[in-house]
Amino acid sequence: MSQSEDGLVEVDALRAAVQEHYAEVAHDPVGGDFHFHTGRAATERLGYPDELLEHLADACIEAFAGVANPFAWGLPRHGERVVDIGSGGGLDSMVAARAVGPDGFVVGVDMTPAMLERARRNARAAGIDNIEFREGLAEALPVEDGWADLVVSNGVLNLVPDKVAAYGEIIRALRPGGRIQIADVCVEVEVPRDARADIDLWKG
Amino acid sequence: MEDVGFGDLRFGEPVDTYGGAPGEANARTFGVHGYPFTAVKPG
């Protein structure tokens, strides 16, 4: 069995715990017992402008569990190809799909089947057809070399056991000159060894 | 990130991601904030 980069967590156990946790978010985002904000409480706290979300139904927003706003650096440009790593319920993917328009395309990647089902259902309901949600891992993106103009992600890479592999995959998927716009958490206090071995804190 | 080839790495303003959420106490203990950041794959 493989271990996380620091050797403290077994990779398959961590992935299973994260999948289970985010399947709960997919199934019951409003009534679930989560230690983070979800839905509109999260989008408002993180500074998503109302006009970005006004075309989306509540069902598209409820399962949002991001940690900051990757579009603080600007929206994708018309015609661009975008990959959303850990696309969850699909909110950021659908914002990107609207921004790139019919000449662009968005691929959302997630490892949790319940989230993929929710995102596909949300995109169909919203009438968004320049988007595809694919099952996969950040460390093995189901995207061909150099396909993407932009890679976005929100609150996901901190959960990935092998971050060097994930960033290597992002580089592979981007065209030369392509860019990333990522939202994630940073820790300002050194985390003790026992806390780094606590999968419940990884999920947080 | 620079080790795998990214350049022009920039961080935006932090946000209090967990403020008012059940995870706030842990976030305060470890100084956890959300950040947007960007970088470029050299052309």
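General observations
- Selection of the stretch B:1-28 for residues being loosely packed, with under 15 Cβ neighbours inside 10 Å and either of a type in the set (A, V, I, L, M, F, W, C) or at pLDDT below 90 (or both) yields B:Glu2, B:Asp3, B:Leu9, B:Phe11, B:Ala25.
- Of A:Ala17, A:Ala99, A:Ala26, all but one fail to be surrounded by 21 or more Cβ atoms within 10 Å (Cβ to Cβ) and out of contact with any strand residue (DSSP E or B) (no Cβ under 6 Å at 6 or more places or on another chain); the exception is A:Ala26.
- Residues in the stretch A:124-140 that are over 24 Å from A:Ile170 (Cα atoms) and buried (at least 18 other Cβ atoms within 10 Å of the Cβ): A:Ala126, A:Ile128.
- Restricting B:Asp3, B:Asp8 to residues that are part of a helix (DSSP H, G or I) and over 15 Å from the mean Cα position of the chain (by Cα) narrows the list to B:Asp3.
The values are calculated or read from the model by the stated rules, or taken from the named source; none is laboratory data. These numbers were taken from a predicted model, which means no experiment stands behind them. Note that each Cβ is placed from the backbone with ideal geometry, even for glycine, and that neighbours are counted across all protein chains shown.
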